[in-house]
Amino acid sequence: MLRAALLDFNGVLVNDEPIHLRLFQRLLAEEGLEGFTEAEYWERYAGLDDRAALRALLEGSGEVPDEPRLMRLIARKSSYYQEEIRRQGYPFFPGAAAAVRALAGAGLHLGVVSGALRDEVVGALAQEGLGESFKVLITAEDVAASKPEPEGYRRGVAALNAAPPLPERLLHPHEVLAVEDTPAGLQAARAAGLTTLALAHTYPRAQLRADLILDRIADLRVADLLAR
């Protein structure tokens, strides 16, 4: 029986993957690394946090980036992202806020496990009035290894068990639903032992391996999940 849910952010709640693609292209062009294509982004980098993606991109160009350089690039990309958000707001998927409220209303313990920066997640949840629905936020700053490594999900389950309101009994990983949109995220959730729900927001169904696959978060029906 499902008793909790950990949701990804980019591509699950917020439709901002196209923004991240555009900003990676802008940032790399400024660094003299032209030719980063949309196909490369979807094939190799969607689902990674900025640190892992930028490290891989720079290493692919023959550079061995040090930590200060990575941090400067992450900060610059974050500033570009905030410029976009100030212009248009966080682009939530239709039905995403309603799905979160339905999950919380059913008594599930909720958290976010994302490679996004904490400020981005907090700002988006505040925009939709969802901050009180989540008791746990695991973001890029909280983990040493991004998805597809399972660290974020393992930390998420541990935090759900430790943060008030405490569950009546310990949550086991198989009782926690991971809601993801990328193969990397689903791999991380499976490795942590979670039940998986894939949303075909970003990748076609054929590329997603999960216990349940839905086309859109708007199709999520809590009663059906709890009956599984």
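The values are calculated or read from the model by the stated rules, or taken from the named source; none is laboratory data. Since the model is a prediction, treat every value here as computed from it, not as a measurement. Backbone-built Cβ (ideal geometry, glycine too); neighbour counts: all protein chains shown.
Scan the range 62-92 for residues that are surrounded by fewer than 13 Cβ atoms within 10 Å (Cβ to Cβ) and either in contact (Cβ under 8 Å) with a residue 60 or more places away in the chain or more than 21 Å from Glu120 (Cα to Cα) (or both) and report the count.
5
Let me spell it out: the conditions are (1) surrounded by fewer than 19 Cβ atoms within 10 Å (Cβ to Cβ); (2) assigned to a loop (DSSP other than H, G, I, E, B), and Ile213 meets all of them except one. Which number is the exception?
Exception for Ile213: condition (2).
Do any strands (runs of 3 or more DSSP E) entirely within the range 72-186 hold 2 or more residues that are within 28 Å of Arg205 (Cβ to Cβ) and touching a Gly at 6+ places or on another chain (Cβ under 8 Å), and if so, which?
109-113, 176-180
Condition test on Tyr153, is it of a type in the set (Ser, Thr, Tyr) and surrounded by fewer than 20 Cβ atoms within 10 Å (Cβ to Cβ)?
Answer is no for this residue.
For the structure I just gave you, tell me whether Ser114 is surrounded by fewer than 18 Cβ atoms within 10 Å (Cβ to Cβ) and either outside the structural domain of Glu151 (by TED's automatic domain parsing) or at pLDDT 95 or above (or both).
no
When only residues in the range 106-137 that are without any contact (Cβ under 8 Å) to a residue 60 or more places away in the chain and closer than 10 Å to Phe9 by Cβ count, which is farthest from the chain's Cα centre (by Cα)?
That would be Leu125.
Restricting the search to the range 36-56, which residues are part of a loop (DSSP other than H, G, I, E, B) and closer than 23 Å to Arg118 by Cα?
Ala46, Gly47, Leu48, Asp49
Restricting to the range 1-35, give me the number of residues that are among the aliphatic types (A, V, I, L, M), outside any strand (DSSP E or B) and either touching a residue at least 40 places away in the same chain (Cβ under 8 Å) or within 30 Å of Lys135 (Cβ to Cβ) (or both).
Qualifying residue count for the region: 7.
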